[in-house]
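First up is the structure itself, then whatever we jot down about it.
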Amino acid sequence: MALIRTNRYTNEFLDLGETYTISVPERGSKKEAITICGTKSGRDIDKEKEANIKFIDSKSVKTPIVEGCDRYFECKIVYKQEIDLENMDKDIVKAVYSKDAKHVLYFGEIVEEY
């Protein structure tokens, strides 16, 4: 499962696509890249250039992976569901969510793992 905020650039791709990938770097590696990618939007910067990463073709799906990681998961989206904030603990909603920032939970069938 991938939990993505609705206002993230990533969500635009997932919402239109049929697949997603997860690239897991070796523990401690790509720390700077993870920080950049987790705090900057691809709408505003070229993540490959700024984070010094390279997107490459995956084995089975159209979505790319990040070169040089330890583990990869290639997933076909089989279901997606927006989180219903009415059913969530009110303290969590108050602490984490604004009016325009909810999450969508994407359920993926792993079609390749290496």
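The values are calculated or read from the model by the stated rules, or taken from the named source; none is laboratory data. For clarity, every value in this text was computed on a predicted model and none was experimentally measured. Note: ideal-geometry Cβ built from the backbone for every residue, glycine included; neighbour counts use all protein chains shown. What goes into the accessible areas is simple: the full protein's heavy atoms, side chains included, and nothing from ligands, DNA or RNA. Shrake-Rupley method; radii C 1.70, N 1.55, O 1.52, S 1.80 Å.
For this structure, a couple of remarks:
- Under 5 Å, built H, 5+ apart or other chain: amide partners of GLY108: ALA2, VAL78
- Summing charges over all other residues whose Cβ lies under 15 Å from the Cβ of ILE36, with Lys and Arg as +1 and Asp and Glu as -1, gives +3.
- Using 0.36 nm per residue and subtracting the Cα-Cα separation, the extra length available between GLU32 and GLU50 on full extension is 5.5 nm.
- Overall, the anisotropy analysis places region 14-114 in the oblate class: the square-rooted eigenvalues a ≥ b ≥ c of its C-alpha gyration tensor yield a/c not less than 1.5, with a/b not exceeding b/c.
- Fraction of accessible area attributable to carbon and sulfur, region 17-95 (%, probe 1.4 Å): 48 percent
- Karplus-derived HN-Hα couplings along region 43-49 (A = 6.51, B = -1.76, C = 1.60, θ = phi - 60°), whole Hz, x at Gly and Pro: 5, 9, 9, 8, 4, 4, 6
- Protection proxy ranking, peptides 59-65, 45-51, 71-77, average beta carbon neighbours within 10 Å, highest first: 71-77, 59-65, 45-51
- Zone residues, region 76-102, relative to ASN7, backbone N less than 18 Å from point 7 Å out along Cα-to-Cβ: 82-86, 92-102
- Cα centroid of region 32-83 to Cα centroid of region 5-30, whole Å: 5 Å
- Local net charge near GLU26, Cβ-Cβ under 12 Å (Lys/Arg +1, Asp/Glu -1): +3
- Summed side-chain charge close to VAL96 - residues other than VAL96 whose Cβ falls under 12 Å, Lys, Arg +1, Asp, Glu -1: +2
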